[in-house]
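The values are calculated or read from the model by the stated rules, or taken from the named source; none is laboratory data. Note that the structure is predicted; figures quoted are calculated from it, not measured. Every residue, glycine as well, gets a Cβ built from its backbone with ideal geometry; the counts of neighbours run over all protein chains shown. Heads up: the accessible areas ignore ligands, DNA and RNA and are worked out on the full protein's heavy atoms, side chains in. Shrake-Rupley method; radii C 1.70, N 1.55, O 1.52, S 1.80 Å.
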Amino acid sequence: MAYSDDELRAIYRKTDGKCHLCWRVIRYALYGAYAERHGWEVDHSNPRAKGGTNRRSNLVAACCSCNRTKRASSTRGARKRNGVSTRRPKSRNEKRATRRKNKAIGGTLGAAIGGAAFGPVGALLCGLVGAAIGNDVNPE
Ligand SMILES: [Zn+2]
């Protein structure tokens, strides 16, 4: 199946430049370059042989070796065999949203603990520290 540049870019961005099956880095410019280490293809997460559609929600970037090893098996099984999370890697926007949430949680917890232990100044300082820690947590 041939994809437009816009489609390929959207599929690639969905996992922020990582294979959705093994989480290794792929390079956008190496689409379809099977012999290249960072080459990638479009995988049907739910395989077409099992009724998977060509809708954008079913299309994900996979490195060539993962895509060709997976064939018509399940995405969950392939990720499990690779020892990675059962989820796909997050897009840049999803990571940003997670970081924002972690920052808010860290800030709130820090302020609560600092406020209880050291009063208003403690709440402010520990809130800032908590927000910084929350922001630094790996958003994957
Ligand atoms: Zn892979």
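One residue is enough: does region 80-101 have a residue meeting the conditions within 16 Å of the chain's Cα centre (by Cα), at positive phi and in the same structural domain as Arg9 (by TED's automatic domain parsing)? Within region 80-101 (the criterion being within 16 Å of the chain's Cα centre (by Cα), at positive phi and in the same structural domain as Arg9 (by TED's automatic domain parsing)), the answer is yes, since at least one residue qualifies. Might you let me know whether region 54-64 holds any residue that is more than 23 Å from Arg9 (Cβ to Cβ) and surrounded by fewer than 18 Cβ atoms within 10 Å (Cβ to Cβ)? No. Filtering region 65-88 to residues that are open to solvent by 20 Å² or more (accessible area, probe 1.4 Å), among the polar types (S, T, N, Q) and closer than 13 Å to His20 by Cβ leaves Asn67, Ser74, Asn82, Ser85, Thr86. Scanning region 6-32 for residues that are within 10 Å of the ligand (Cβ to nearest atom) and out of contact with any strand residue (DSSP E or B) (no Cβ under 8 Å at 6 or more places or on another chain) yields one hit, Trp23. Please pick out the residue among Ala49, Ala35 that is open to solvent by 20 Å² or more (accessible area, probe 1.4 Å), more than 13 Å from the ligand (Cβ to nearest atom), of a type outside the set (Lys, Arg) and without any contact (Cβ under 8 Å) to a residue 12 or more places away in the chain. The unique qualifying residue is Ala35.
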